[in-house]
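The values are calculated or read from the model by the stated rules, or taken from the named source; none is laboratory data. On a predicted model such as this, the values are computed, not experimentally measured, just so you know. Glycine gets a Cβ as well: all are built from the backbone with ideal geometry, and neighbour counts include every protein chain shown.
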Amino acid sequence: MKLLFWLLCVVGLMAQEMQESSKEPVIIEDMSGLSEEQLRQKANKDDRTKAPRAKISISDVAQDVDDGGHVDLAKLQQPWEDLSPTPKQYDWIQTKSGEWFKGEIKAMYDEELEFDSDEVGLYTFNFQDIKQIKSYHIVDVNIEGVASISGILRYRNGKIEIIQGDHTYEFDKDQIVSLAKSSQKEQHNWSGKVTISVEIREGNKEQFDYNVKANIKRNTATTRLLFDYIGRISNVNGVETANDHRLNEKYDVYITRYFFWTPIFSEYYQDKFQNIDNQYSLGIGLGYTIIDKKKIEWDISGGPAMIHTEYISVVDGEEDELTSFALEMSTRFEYEISKVSDITFKYNLTFTDKKSGLYKHHMIATLENELLSWLDFDITGIWDHIEKPEIEANGVEPLKDDYQLLFGIGIEF
């Protein structure tokens, strides 16, 4: 226990020192006094200046005349994929296949760009598949080790430009840590997904099963706040057979493209059939992205924590409330099977003392299948384990393992 206490102190000091010494980005705002519309006009003027040639000279024609005196017009015409729209009310992105999408940039983290379009809904593009970006809205861009810069965004040929009134900042794509739409409206920073599955049976056996899984996040250019909830209620012939709820919170601060620290993570857990009335966890941690490729993402994080548990009932002589130190480790793995199917795997492992369960883990794997741009069919497997569950007052020891297999409809927003 003393070792875990010192780990908590050391990790906290390390995180503070790393944040202070990592050249945390300053905020570079546009001080020109130009309105947003004037900034857009300046960006559009720059676009026209850098656009491919629109006129054909006599010398161009002469160069393309063949031996028979004929001109191949295809050589003189500007390829359609080089033509690009002028942003008016909407942001525009172009994929490497040449397709243009109109909508609104939400945020980008770990090379995943969230884009909200009336046609495709809220969709996540891998940044490796993006050829061009032309923003209409002001965007906050976090540049590694430099600054967080706000302005009109242009991206092409691996270079990103942030246009302000008096300055245009240019960086390589690999220098981008994250980006998010700059907005005074708080709701623009939030997005999420809710998956619901309900089963009702009547006849020889009356059964009601209700499961909800929710993932909600708030993104800015330098931070990410995550909320994950899983709840289950089950009733067979009027007898309750399951009642558990788990709410996780995690706040990440991006220091580099691959390294982040977590000033706070927490969990609330309740499970009547595990003899847990209320359980609270609170900790601090560090994280690192191991793999960040086109179709695969894998990161790990962890740190010390404290756990407070309130049991429903205990045998005589045992305490019904316990507080203990813990060490938590977690990993997240995502794999894009196809354009409409993804696998997400999350695993949390917690070590603590014997009276608080010794160790426990929470594993959740989800296969997401896109039906519509905003609607998914999800198959989710969940495995919860407590090595030393607390014995109830009647002498019954809860089972160590709980398994769930869920089929549900997920709604994105």
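Each row is one residue, and each column tells you yes or no for (1) farther than 21 Å from GLN270 by Cβ; (2) at pLDDT below 90; (3) among the aliphatic types (A, V, I, L, M); (4) touching a strand residue (DSSP E or B) at 6+ places or on another chain (Cβ under 9 Å).
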residue: SER373; (1), (2), (3), (4): yes, yes, no, yes
residue: ASP376; (1), (2), (3), (4): yes, no, no, yes
residue: ILE379; (1), (2), (3), (4): yes, no, yes, yes
residue: ASP384; (1), (2), (3), (4): no, no, no, yes
residue: GLU387; (1), (2), (3), (4): no, no, no, yes
residue: ASN394; (1), (2), (3), (4): no, yes, no, no
residue: ASP401; (1), (2), (3), (4): no, no, no, yes
residue: LEU405; (1), (2), (3), (4): yes, yes, yes, yes
residue: ILE409; (1), (2), (3), (4): yes, no, yes, yes
Among strands (runs of 3 or more DSSP E) lying entirely in the range 82-132, which contain 3 or more residues that are assigned by TED's automatic domain parsing to the domain that holds THR289 and of a type in the set (A, V, I, L, M)? none
Considering each of GLU368, GLU390, GLU336 in turn, give the residue that is closer than 28 Å to MET306 by Cβ and among the charged types (D, E, K, R). GLU390
Do we find a residue being over 27 Å from ASP402 (Cα atoms) and at pLDDT below 95 anywhere in the range 342-360? no
Test: ASP252 is closer than 24 Å to GLU111 by Cβ and of a type outside the set (Val, Ile, Thr): yes
When (1) surrounded by 15 or more Cβ atoms within 10 Å (Cβ to Cβ); (2) touching a strand residue (DSSP E or B) at 6+ places or on another chain (Cβ under 6 Å) are applied to GLN274, the one that fails is (2)
Which residue is farthest from the chain's Cα centre (by Cα), if the candidates are limited to the range 133-147 and must be surrounded by 21 or more Cβ atoms within 10 Å (Cβ to Cβ) and part of a strand (DSSP E or B)? LYS134
So how many residues does the range 105-120 have that are surrounded by fewer than 18 Cβ atoms within 10 Å (Cβ to Cβ) and closer than 21 Å to LYS88 by Cβ? 4
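Residue by residue, here is whether (1) within 19 Å of the chain's Cα centre (by Cα); (2) under 13 Å from ALA305 (Cβ atoms) holds:
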{"position": "THR241", "(1), (2)": "no, no"}
{"position": "SER266", "(1), (2)": "yes, yes"}
{"position": "ASP271", "(1), (2)": "no, no"}
{"position": "ASP277", "(1), (2)": "no, no"}
{"position": "GLY287", "(1), (2)": "yes, no"}
Given (1) free of Cβ contacts under 8 Å to residues at least 24 places away in the same chain; (2) over 17 Å from VAL212 (Cα atoms); (3) aliphatic (A, V, I, L, M); (4) surrounded by 14 or more Cβ atoms within 10 Å (Cβ to Cβ), identify the lone condition not met by VAL396. (4)
Is it the case, given these coordinates, that ARG257 is assigned by TED's automatic domain parsing to the domain that holds THR195 and either under 30 Å from PHE208 (Cβ atoms) or in a loop (DSSP other than H, G, I, E, B) (or both)? yes
Test of understanding: among VAL198, VAL212, which residue is at pLDDT below 90, assigned to a strand (DSSP E or B) and surrounded by fewer than 18 Cβ atoms within 10 Å (Cβ to Cβ)? VAL198
